[in-house]
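This report refers to the structure that appears directly beneath it.
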Amino acid sequence: MRYRIRTGALAFILHRATGLALVLYLFVHIFSVSRLANPASFNEEMALYSSALFKFVELGLLGVVVAHVLNGARIIAVDFWGASRKQATVFYVAVGVGTLVVLYGAIHLLPAVFDGISSGQLLSPSYEVIHGGGH
Amino acid sequence: MLREKGFEPGGQFIWFFHRVSGFALVILLILHFAWVHFSTDVTSDGLLTFNDVMNRLSSPFFKAIDLSFLVLALAHGLMGVMLSIQDYIKRQGLRMIAVGTVWILAIVFGVWGSVTILTLKPHEPGTTPEPVRKVTGVPQPAEENQALWQIVEDGQ
Ligand code: HEM
Ligand code: HEM
């Protein structure tokens, strides 16, 4: 008898880990969105998110979201639409779509990350809020 | 014990709720990305600003969508936390503390997020929020900065 990696168990752990990570993200997100109460401070915050380090984190977030969402969609398809006989197809479609979405995100996010690394400015915003500009 | 009193939703209910809310969340999340990324990053000045958010959220329709997104995402995620607690925490006392914490987090963050959405108000009349300008890449010539100020004033 041979040992095989139990892909079902692996998928379960991945789904749970990404789901719990998203809960933590959601708490932080609700906090950061609450700064909408003060427009200037909200814009400052968004400018900070345009820095290299945050773009890198954002790409990681996209990966976590895509993994959880597509695996979740796969589970729903298999459970409700009797896609269980086409499990393999559903799996490859999910992996394919996920790869494309993350690649698309990488194309948009990585240039700023590389800029930041080469200039050593990991936390400087690529946008500046012009104070007093709006009166 | 918490289970009998109804504070701990059962596995069957969560199983069903995860699938229904997961389906709705796919749609809401795609809309969320379209609104916070594509409507700004790609088409406008490139940075999501207070004004971009206000343009959308001044409408009650979009507020309602945002509130349902908040409630569904929190419920979906925290029911997942409940499932994990049921799987890993077997000791009665610890389990009660954990389940209680989840309820407190649900209420605190649910109320906090709703208050943010419901109390949004536009800038004071007569002022506009600070504009933004890109600082990396090609340095902006002085005239262009001048032009940006002009646009802001015209917009008033
Ligand atoms: C947007 C689309 C989403 C879909 C389609 C989706 C789908 C699912 C499904 C079908 C399950 C049940 C898995 C099972 O019974 O084995 C699940 C579990 C879970 N989801 Fe999601 N989900 C989504 C978004 C989210 C978000 C935004 C969060 C966090 C706030 C989240 C957190 C969780 C957690 C913590 C679990 C429990 C995992 C476990 O018990 O192992 N999900 N999701
Ligand atoms: C980097 C990507 C993201 C950005 C820039 C972003 C931005 C925002 C902004 C500006 C708002 C304010 C309301 C609005 O504009 O409609 C908001 C609200 C919200 N976002 Fe995101 N978001 C991102 C990713 C996510 C993800 C992955 C989730 C799911 C876990 C999520 C869930 C929510 C929820 C539930 C609200 C309502 C919060 C509240 O009522 O306080 N967002 N987001």
Using only Cα atoms, find the angle between the long axis of helix A:52-80 and the longest principal axis of chain A, and express it within 0 to 90 degrees, rounded to the nearest 10.
-> 30
Using the beta-carbon distance between B:VAL108 and A:PHE114 and R0 = 45 Å, what value does 1/(1 + (r/R0)^6) give for FRET efficiency, to the nearest 0.05?
-> 0.70
Would you kindly calculate the translational diffusion coefficient of the stretch B:64-111, applying Stokes-Einstein with the Kirkwood radius from alpha carbon pairs, for 25 °C and a viscosity of 0.890 mPa s, and quote it in µm² s⁻¹ without decimals?
-> 215
Cα-derived Rg to Rh of the stretch B:2-122, Kirkwood definition = 1.08
How would you rank A:70-77, B:31-38, highest first, on the average number of other Cβ atoms within 10 Å across their residues?
-> A:70-77, B:31-38
Kirkwood Rh and Cα Rg combined as Rg over Rh, evaluated for the stretch A:7-119 = 1.08
Alpha-carbon centroid distance for the pair the stretch A:30-46 / the stretch B:48-109, whole angstrom | 20
Under a plain spin-label model, where a point goes 7 Å from the Cα along Cα-to-Cβ, how far apart in nm are A:VAL78 and B:TRP15?
-> 1.4
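Apply 1/(1 + (r/R0)^6) to the Cβ-Cβ distance of A:THR99 and B:GLN92, taking R0 = 45 Å, and write down the FRET efficiency to the nearest 0.05.
For A:THR99 and B:GLN92, the calculated efficiency is 0.50.
Every number here is computed from the coordinates shown, using simple stated rules; none is lab data. In this text, all values refer to a predicted model and were calculated from it rather than measured experimentally. Cβ: placed from backbone, ideal geometry, glycine included. Neighbour counts: every protein chain shown.
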